[in-house]
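Notes follow the structure.
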Amino acid sequence: MLPQLHASTRDDVLEELATFLAHHHRDVSAEDVVRALANRERLGSTAVGDGLAIPHAKLFSARKLLACFGRSRKGVDFGASDGKPTRFFFVLIAPENAPGEHLTALARISRLFNDSGFRGRLDHADTAQEIHDVIAAADVG
C-alpha cells in the first residue's frame, strides 16, 4: 500500500507502482512490470472512472497473482472516460498461465469501488495499515 504516490503523470505512476511491487515480490522485475503495464495501457486506459484505475498485465515470471495499491491525493490524468483525475490505483500482475484469476480480482475491485462510502473511507485513511484495514473490512465476500 502506497498512501501517497509522488508521481504526477501516467507513466510515472506506473513506474512508481511497479518499483514498489517488484521490491515486495522478488520474482518480478520493475522493468518487466512497467513494460507489461505500459503495453496494456496502449490498448486503452485502465482508468474506469470515479477516480479508479486498475492497471493490469500478465507476466511469465509471476508465480501467483500480485497486487499493490497506491493513492494520489491530487489525482493524475490517466485517461479516464469521465475526464476526472484518477486517485486510486490498484495494480494486478497475473501469471500467464492463470487466465481467469485476474478477471475475478478485477471484478472484485470494481465492486468495492462502486461504493462511494468505500472510496470516502480510503480517502480518509492516512497510513498503509489504515488503507489495508479499509480494504480488508470491505472485502469480506
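Here, each number is a calculation from the coordinates, and none is a lab measurement. No experiment lies behind these values; they were computed from the predicted model shown. In this analysis, Cβ positions are derived from the backbone assuming ideal geometry, glycine residues included, and neighbour counts consider all displayed protein chains.
Which whole-number percentage describes the relative contact order of the range 10-138, with Cα contacts under 8 Å and a sequence gap of 6 or more?
That works out to 21 percent.
Tell me the label-point distance for the pair Asp126, Phe60, using the 7 Å Cα-to-Cβ offset, in nm and rounded to one decimal.
Taking the simple label geometry, Asp126 and Phe60 are separated by 4.7 nm.
I'm spelling it out carefully: the read-out is percent of Cα pairs over 27 Å apart, the candidates are [x] 18; [y] 49; [z] 13, and one was derived from this structure. Which label?
[z]
For an R0 of 25 angstrom, estimate the FRET efficiency from the Cβ-Cβ distance between Arg35 and Thr104 and round to the nearest 0.05.
About 0.55, to the nearest 0.05.
From the residues Val34, Ala18, Ser45, which one has its Cα farthest along the dipole of the range 1-45 in the positive direction, the dipole being from +1 and -1 charges on Cβ of Lys/Arg and Asp/Glu about the Cα centre?
Highest projection toward the positive end goes to Ser45.
Multiplying the sequence separation of Ala67 and Asp133 by 0.36 nm and subtracting their Cα-Cα distance, what value in nm do you get?
Values: separation 66, 0.36 × 66 = 23.76 nm, distance 1.56 nm.
Extra length available between Ala67 and Asp133 comes to 22.2 nm.
DSSP loop (so not H, G, I, E, B), at most 10 other Cβ within 10 Å: list which trypsin sites (Lys or Arg not before Pro) in the range 1-56 pass both filters.
Listed in order of number, the matching sites are Arg26.
Can you compute the helix-only [θ] at 222 nm over the chain? Use -39500 (n - 2.57) per DSSP H run of at least 4 residues, normalise by all residues, nearest 500 deg cm²/dmol.
Per the formula, -14000 deg cm²/dmol.
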